[in-house]
Amino acid sequence: MKKYRLHHIKQISVTLALLLSVILCGCSSAGKGVNGQVIVYNWGEYIDPETIRMFEEESGIKVIYDEFETNESMYPKVESGAVAYDIACPSDYMISRMIQNGMLSELDYAKMPNARKNIGAQYFEQSRGFDPDNKYAIPYCWGTVGILYNKTMVEEPITRWEQLWDEKYADNILMQDSVRDAFMVSEKICGFSMNTLDPEELETAKNLLIEQKPLIQAYVVDQVRDKMIGEEAAIGVIYSGEAIYTQRENPNLVYVIPEEGTNVWIDAWVILKNAPNKENAEKFIDFMCREDIALMNFDYITYSTPNEAARNLIEDEDIRNSEIAFPDLSRYDNLETYVYLGEEGDSLYNELWKEVKAY
């Protein structure tokens, strides 16, 4: 699966500047704060820049910050060691892969008290799907994948994935152009796990997607926001954080978690195995788990925070109690997080997805 954020196109100069800074810092103390540095690798537009400035001012630690666009572009760069990152913020299934390959350092929660104090227990519990003993990852943002529909363009409320196969909405349906998210939809309709590797189940899910294909207006990623806001489609598959944004722009839009179940995704802070500045990395993560800082980041990026203390500080009651931003997960069945399926599993899904797209 690929996750995309609002306005996260990364300029090449950012990476070049980072590499130059790391080289210079490796040769001298130039570019370091009074208490050293920490090198952070995160999604584009996925943190309030003011929180970085505040951390540097309060800690005396210089933050060298780099951005990535997808989990798949992040992984090889970290694996190669070309840049000695201290911290990264991958998604659930990629964290699973990094754990399997021994790329992460075990966390010392005693040095990050805000994590244990402020992150809700349900998010640590959900994280066990990819980090079984909560040894490696601290949830930073989370959300669901669901259906966004325009209530003026449908004949009845949309509550189930199977309604995306209804012929009366032909050419008005938007699907995610993502192998794991697309297969998740058909797998949930069939009652399968979205992490299944069973050949018969995958063939069934593939055929269901092929059956749906004539009804699809487009397979999209970022474009789902603009198309739904502009009422160019009636129904779309979307991430919950982006649904919040679309509803601000068009009040006719409604977001639902389908009855058949869905993906609960989590992006989390991890410390790399050979982090050169591990103590500073712990200080950075602890700072980001502070309730006032987590609130600033939530306000900036609109993706749900697992920081319950921060949520309590949200002044807008509608946002604080939003069923989109903060659904009660206990009310839903068949919620899962993605796990890494191995190279063979990834190849299998990709080949089946090619068959769907080529049909």
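Read the figures in this text as sums done on the coordinates, not as results from a lab. These numbers come from a predicted model, not from an experiment. Cβ: placed from backbone, ideal geometry, glycine included. Neighbour counts: every protein chain shown.
Brief remarks follow.
- Computed over the chain, relative contact order equals 26 percent, with contacts defined as Cα pairs under 8 Å that lie 6+ residues apart.
- Taking the DSSP bridge list for region 28-182 and keeping only pairs wholly inside it, about 10 percent are antiparallel.
- FRET efficiency for Asp333 and Glu355, using Cβ-Cβ distance with R0 set to 41 Å, rounded to 0.05: 0.85
- Pairs beyond 20 Å (Cα-Cα), from Lys77/Lys354; Lys135/Lys278; Lys188/Lys213; Lys168/Lys357: Lys77/Lys354; Lys168/Lys357
- Considering all different alpha carbon pairs of region 28-105, the Kirkwood hydrodynamic radius works out to 13.6 Å.
- The convex hull defined by the C-alpha atoms of region 167-297 has an orientation-averaged projected area of 11.2 nm².
- Volume per residue for the chain equals 132 cubic angstrom (convex hull of Cα atoms).
- Mean Cβ neighbour count within 10 Å, used as a protection proxy, ranking 99-108, 146-155 highest first: 146-155, 99-108
- Potential lengthening between Ser73 and Tyr245 on full extension [0.36 nm per residue; Cα-Cα distance subtracted]: 59.3 nm
- Residues of type aspartates and glutamates that Lys227 reaches as a straight line, Cα spacing below 13 Å, ignoring anything fewer than 8 places off in the same chain: Asp171, Glu242, Glu249
- Largest GNM mean-square fluctuation among Ala115, Ala82, Ala233, using the chain with Cα springs under 10 Å: Ala82.
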